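Report on the structure given below.
The values are calculated or read from the model by the stated rules, or taken from the named source; none is laboratory data. Note that this is a predicted model, so its numbers are computed, not measured. With ideal geometry, Cβ positions are generated from the backbone for all residues, glycine too; neighbour counts draw on all protein chains shown. When the accessible area is computed, the model is the full protein with side chains, heavy atoms only, and any ligands, DNA or RNA have been set aside. Shrake-Rupley method; radii C 1.70, N 1.55, O 1.52, S 1.80 Å.
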Amino acid sequence: ETGVTQSPTHLIKTRGQQVTLRCSSQSGHNTVSWYQQALGQGPQFIFQYYREEENGRGNFPPRFSGLQFPNYSSELNVNALELDDSALYLCASSLAAGGRNTGELFFGEGSRLTVL
Amino acid sequence: GIQVEQSPPDLILQEGANSTLRCNFSDSVNNLQWFHQNPWGQLINLFYIPSGTKQNGRLSATTVATERYSLLYISSSQTTDSGVYFCAVDPLASGGSYIPTFGRGTSLIVHP
């Protein structure tokens, strides 16, 4: 049990719709990062939030956006869903001090998104 | 960007056997983690090991940062060890933002 919780666990959307996924970080952690994991692949880094600002982004289009709230929880929003967005979306929390991440990630159980 | 290669891609063992999983990376790293992904998809932390050797029960890991590889040892394997093992590295070039790159994983099946 990592203390990182994600919701919803499963959801089904149709192409063109929008989705919001939520993540609560582990107590004491101030940084949240999001990952997309397609079937049979390793997780791909989407972006990271520290002090409510995005401070790192992977190779994902702008229709992937996020927020971090004052309590360090976070949302991932995906607009204009495409079939290829079907994947497991993982959230991880970690601790950064002075803007520098200590690096140890703790993951939630993921949200499995299916786009039809 | 940094390349992370894990080997072997698939591994099948009988319960009680030992195994070694390898993670090679193409550039200097700030840190490295090993994870076990269970059948429900959750990534479980095994080791945070930018260098040196650590042990936790039947599992141990060694990272030789200067030679750009890490090894995960599983001894006396059990059926509950089944799943996919990932290593993830934070490239030195990320400047401490920790933008991790994962390998493609080693899929382990342990038969009773």
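Miscellaneous remarks
- According to the Cα-based calculation, Rg over Rh for region A:4-67 is 0.96, with Rh computed by the Kirkwood formula.
- Average beta carbon contacts from partner chains per residue of B:85-92, 10 Å cutoff: 2
- Region A:1-59, dipole about Cα centre (Lys/Arg Cβ +1, Asp/Glu Cβ -1), debye to the nearest 20: 260
- Residue-by-residue Karplus 3J(HN,Hα) for region A:63-79, coefficients 6.51, -1.76, 1.60, Hz, glycine and proline x: 5, 9, 9, x, 9, 10, 9, x, 8, 6, 5, 8, 10, 10, 10, 10, 9
- Cα lying deepest toward the dipole's positive end in chain A, options A:8, A:66, A:78, charges on Cβ: A:78
- Choice from B:12, B:49, B:74 showing the highest fluctuation, given a GNM over chain B with Cα pairs closer than 10 Å: B:12
- A run of chain A free of exposed loop cleavage sites, with trypsin sites (Lys or Arg not before Pro) counted only in DSSP states other than H, G, I, E and B and at most 14 other beta carbons within 10 Å, reaches its longest extent at A:64-116.
- Across A:9, B:80, B:106, the residue with the most accessible area heads the list, and the full order at a 1.4 Å probe is B:80, A:9, B:106.
- Proportion of all alpha-carbon pairs of chain A beyond 25 Å (%): 16
- Cα centre as origin, Lys/Arg/Asp/Glu Cβ charges: chain A dipole, Debye: 140
- Inter-chain neighbour count for A:106-115: the average number of beta-carbon atoms from partner chains within 10 Å of each residue's beta-carbon is 3.
- Within the full protein context, the accessible area of residue B:111 is estimated at about 80 Å² for a probe radius of 1.4 Å.
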